[in-house]
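In what follows, a single structure is set out as structure tokens and then discussed.
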Amino acid sequence: MDKQLLSDEQQLGRLLDQARDFALGFRGNDRLAAGSSLTRIPQQTLPERGAGTQDALQVFQEQWTPYLVAAPSNRYLGYVTGGTTPAALTGDWLTAAADQNPQSVTGQGDVSAALERTTIDLLRQLFRLPAEFCGGFVTGATMSSFTCLGVARQWVARQQGYDVAKDGLQQPIAVLAATPHSSAIKCLAMLGIGSRNLISVATLPQREAIDLTDLHAKIEALGGQPFLLIASGGTVNTVDFDDLTALGKLKEKYNCWLHVDAAFGGFAAVSPAHAHLLAGWELADSITIDNHKWLNVPYDSACWFIRKEYLPLQLATFQNSAAPYLGDPAANFSYLNLGPENSRRLRALPAWFSLMAYGRQGYRDIVERCIDTARCLGESLTRDANFSLLAPVRLNVVAFTVNGADAGTIDALAQQLSDRGKFFLTPTTFSGQRGLRAAFVNWRNHPDQIPALLTELHTALKELTQAPAVAP
Ligand SMILES: *Cc1c(COP(=O)(O)O)cnc(C)c1O
């Protein structure tokens, strides 16, 4: 055996202590740049003989870590980026240490798949979703929607009279949506449905939510064929929600599959004052939830929720073995046959740890504090003559613009903020107006941080407007 490998194993405790020290230092580093400061990509060649873990850790710390962004801090407000709770980090380390591969829960079943199912049930309880939903873990909301829409594709094709998993796509599949996340479009591409075949439904004025009148017209134009409807349970830009009760009711009249992308908006269910935004989502056929956002578990983690009645369709879509599936699919439950991945890490464990450690109240506190922080920023910007909100603050995202500034200035402001290092926000466009977004998804977010953010915004804006013109 390689001497270095052997000696590393013998010193594993010491190595893990060093990793622990690094992790604690990284999480507690308030000076770490929130935005990327990568100026030069470190170059590395494969060593002929490795110098061991300690050496690798040193190279990592010297050459790579100065460029890591403060993603786990409450100063990173770009995209929709959660942090990592202490329990989730603990669970994630143990996931790697235990190195299980969750598959089946029956027969020669493994406990890790049982733990995954248990975790899904804890999440289902957190969201107060009915027990009719089956669920599983995947890498992200994109793969969750891929799983859900894969089963939906099977469902439509079945009604068109064939098995799309076996025969491939034979006929176009109608898909309707108003403001789908870019990843849903990517799913249509990956599933062979075709991203160009999305039928775009109008939104309500000044909203990202579906216009039901236009939706009805678009559905009537389909002439009775089965279709997929992708609904938003929280858009990224302005956290707008489709009228999920109205969309759920459509299923009584039309032959449609309702998929709700509630990647982060699903966590509104955890706050009694905001749960109404999701009213009707329990009528969905499938739901996407991202865990590495508001659940505050590390990348990569999301889950799909699909109604149990569709298990046979899900098996037909993702069955791994060539032999036809025999027996009761619910009794012979195996994740191997229910999702796009075969071997997987025990992604449920960090979520299980965090849910057990903090419970319903802990998550309610995280979600409501993030919402309070967003509201606090929204109110401050409303009172500030420099800024205007692009949309009302419905949940945890503030989309705003700089009064009188053109798109170039706003993009430059985002860059300037990022260069200053304290906060990171992403630019966006809403209703044709360029602006910035601040998304509060981290368990550390607190209204107390808003004065510092406002100071940074003003300073960056001043620096920008006073900057000497670039010589031609
Ligand atoms: C983040 C997000 C996604 C994509 O999630 P990934 O985890 O990046 O795959 C999809 N839909 C919504 C609404 C999101 O916020």
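The values are calculated or read from the model by the stated rules, or taken from the named source; none is laboratory data. If you're wondering where the values come from, they're calculated on a predicted model, not measured in any experiment. FYI the Cβ positions are ideal-geometry reconstructions off the backbone, even for glycines, and counts take in every protein chain you see. To get the accessible areas, we keep the full protein, side chains included, count just its heavy atoms, and leave off ligands, DNA and RNA. Shrake-Rupley method; radii C 1.70, N 1.55, O 1.52, S 1.80 Å.
Determine whether Leu123 is within 16 Å of the ligand (Cβ to nearest atom), part of a helix (DSSP H, G or I) and assigned by TED's automatic domain parsing to the domain that holds Pro298.
Yes.
May I ask you to list pairs of residues, at least six apart or on different chains, whose Cβ atoms are under 7 Å apart, with the first in the range 449-460 being of a type in the set (Asp, Glu) and the second being assigned to a helix (DSSP H, G or I)?
Listed by first residue and then by second, the contacts come to Glu456/Leu417; Glu456/Arg420.
Any chance you could count how many residues in the range 210-257 are of a type in the set (D, E, K, R), within 16 Å of the ligand (Cβ to nearest atom) and not in a loop (DSSP other than H, G, I, E, B)?
So the answer is 0.
Per-residue answers, yes or no, for (1) in contact with a Phe, Trp or Tyr (Cβ under 7 Å, 6 or more places away or on another chain); (2) more than 19 Å from Tyr299 (Cα to Cα); (3) surrounded by fewer than 17 Cβ atoms within 10 Å (Cβ to Cβ):
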| position | (1), (2), (3) |
| --- | --- |
| Leu94 | no, no, yes |
| Asp99 | no, no, yes |
| Gln103 | yes, yes, no |
| Val111 | no, yes, yes |
| Glu116 | yes, no, no |
| Thr119 | yes, no, no |
| Phe146 | no, no, no |
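Which of the residues that make up the range 282-298 are open to solvent by 10 Å² or more (accessible area, probe 1.4 Å) and free of Cβ contacts under 8 Å to residues at least 60 places away in the same chain?
The one that is open to solvent by 10 Å² or more (accessible area, probe 1.4 Å) and free of Cβ contacts under 8 Å to residues at least 60 places away in the same chain: Leu283.
Assess whether Gly421 counts as being surrounded by fewer than 21 Cβ atoms within 10 Å (Cβ to Cβ), free of Cβ contacts under 8 Å to residues at least 12 places away in the same chain and either small (Gly, Ala, Ser) or not assigned by TED's automatic domain parsing to the domain that holds Ser37 (or both).
It is false that Gly421 is surrounded by fewer than 21 Cβ atoms within 10 Å (Cβ to Cβ), free of Cβ contacts under 8 Å to residues at least 12 places away in the same chain and either small (Gly, Ala, Ser) or not assigned by TED's automatic domain parsing to the domain that holds Ser37 (or both).
Among Pro86, Pro102, Pro180, Pro130, which is under 25 Å from the mean Cα position of the chain (by Cα) and within 16 Å of the ligand (Cβ to nearest atom)?
Answer to the selection: Pro180.
Of the residues Ala71, Ala98, Ala88, only one is of a type in the set (Gly, Ala, Ser), at pLDDT 95 or above and under 25 Å from Val441 (Cα atoms); which?
Step by step, each of Ala71, Ala98, Ala88 is checked, and only Ala88 is of a type in the set (Gly, Ala, Ser), at pLDDT 95 or above and under 25 Å from Val441 (Cα atoms).
If only one of Asn386, Asn342 is assigned by TED's automatic domain parsing to the domain that holds Gln206, more than 18 Å from Asp121 (Cβ to Cβ) and surrounded by fewer than 24 Cβ atoms within 10 Å (Cβ to Cβ), which one is it?
From the options Asn386, Asn342, the qualifying one is Asn342.
Pick from the range 57-83 the residues that are assigned to a loop (DSSP other than H, G, I, E, B), in contact with a helix residue (DSSP H, G or I) (Cβ under 9 Å, 6 or more places away or on another chain) and not small (Gly, Ala, Ser): which of them is nearest to the ligand (Cβ to nearest atom)?
Restricting to residues being assigned to a loop (DSSP other than H, G, I, E, B), in contact with a helix residue (DSSP H, G or I) (Cβ under 9 Å, 6 or more places away or on another chain) and not small (Gly, Ala, Ser), the top hit is Leu77.
Scan the range 221-241 and give yes if some residue there is in contact with a helix residue (DSSP H, G or I) (Cβ under 7 Å, 6 or more places away or on another chain) and open to solvent by 20 Å² or more (accessible area, probe 1.4 Å), otherwise no.
Looking for residues that are in contact with a helix residue (DSSP H, G or I) (Cβ under 7 Å, 6 or more places away or on another chain) and open to solvent by 20 Å² or more (accessible area, probe 1.4 Å), one finds none in the range 221-241, hence no.
Within the range 442-453, how many residues are open to solvent by less than 10 Å² (accessible area, probe 1.4 Å) and in contact with a helix residue (DSSP H, G or I) (Cβ under 6 Å, 6 or more places away or on another chain)?
2
Yes/no per residue for (1) modelled with pLDDT under 95; (2) more than 13 Å from the ligand (Cβ to nearest atom); (3) under 18 Å from the mean Cα position of the chain (by Cα); (4) surrounded by fewer than 17 Cβ atoms within 10 Å (Cβ to Cβ):
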residue	(1), (2), (3), (4)
Gly140	no, no, yes, no
Ala174	no, yes, no, no
Lys186	no, no, yes, yes
Ile193	no, yes, no, no
Pro205	no, yes, no, yes
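Which is of a type in the set (D, E, K, R), open to solvent by 20 Å² or more (accessible area, probe 1.4 Å), in a helix (DSSP H, G or I) and within 22 Å of Asp240 (Cα to Cα), of Arg394, Arg375, Arg434?
Just a single option satisfies the conditions, and that option is Arg375.
Of everything in the range 271-295 that's among the aliphatic types (A, V, I, L, M) and within 16 Å of the ligand (Cβ to nearest atom), which residue is nearest to Gln314 (Cα to Cα)?
In this case the residue turns out to be Ile287.
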